[in-house]
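A.B. asks: What follows is a single structure, and I will ask about it in a moment.
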Amino acid sequence: MLHDRLTGAPRGATGDERAANAHITRAMVAALTSVATQIKTLDAQIAEQLSLHADAHIFTSLPRSGT
């Protein structure tokens, strides 16, 4: 059943359209990778600042504080 669905699925783009789609996909992956890296960096900075805060024990004791 799965094999029939896979072999019966529409074929992907070909030629120039395929090349354009590949270029767009690579650009989107690069953008998302950059955003993910920035999120990790900001998350680390927030965690560091929170750990240095005098009231960190209060903030981290709150339900769903995210830490």
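We did not get these values from a lab; they are worked out from the coordinates using the rules stated. No experiment lies behind these values; they were computed from the predicted model shown. Reconstructed Cβ throughout: ideal geometry from the backbone, glycine too, with neighbour counts over all protein chains shown.
A.B. asks: If you place +1 on the Cβ of every Lys and Arg and -1 on the Cβ of every Asp and Glu, how big does the dipole about the Cα centre of the chain come out, in debye to the nearest 20?
C.D. replies: Values: 6 positive and 6 negative charges, 51 e Å.
Here the chain has a charge dipole of around 240 debye.
A.B. asks: Given (1) 23, 16, 9; (2) 47, 19, 6; (3) 55, 10, 7, which label gives semi-axes √(5λ) of the Cα gyration tensor in Å as computed from the coordinates?
C.D. replies: Recomputing semi-axes √(5λ) of the Cα gyration tensor in Å here picks out (2).
A.B. asks: Net charge within 15 Å of SER65 by Cβ-Cβ distance, Lys/Arg positive one each and Asp/Glu negative one each, not counting SER65 itself? It would help to have the intermediate numbers written out before the result.
C.D. replies: Details: positive: ARG64; negative: ASP43, ASP55.
That works out to -1.
A.B. asks: To test your reading of the geometry: what angle, between 0 and 90 degrees and rounded to tens, separates the Cα axis of helix 15-52 from the longest principal axis of the chain?
C.D. replies: The answer is roughly 10 degrees.
A.B. asks: Considering only LEU50, LEU62, PRO10, whose Cα is most displaced toward the positive end of the charge dipole of the chain, charges sitting on Cβ of Lys, Arg (+1) and Asp, Glu (-1)?
C.D. replies: Going by the Cα projections, it comes out as PRO10.
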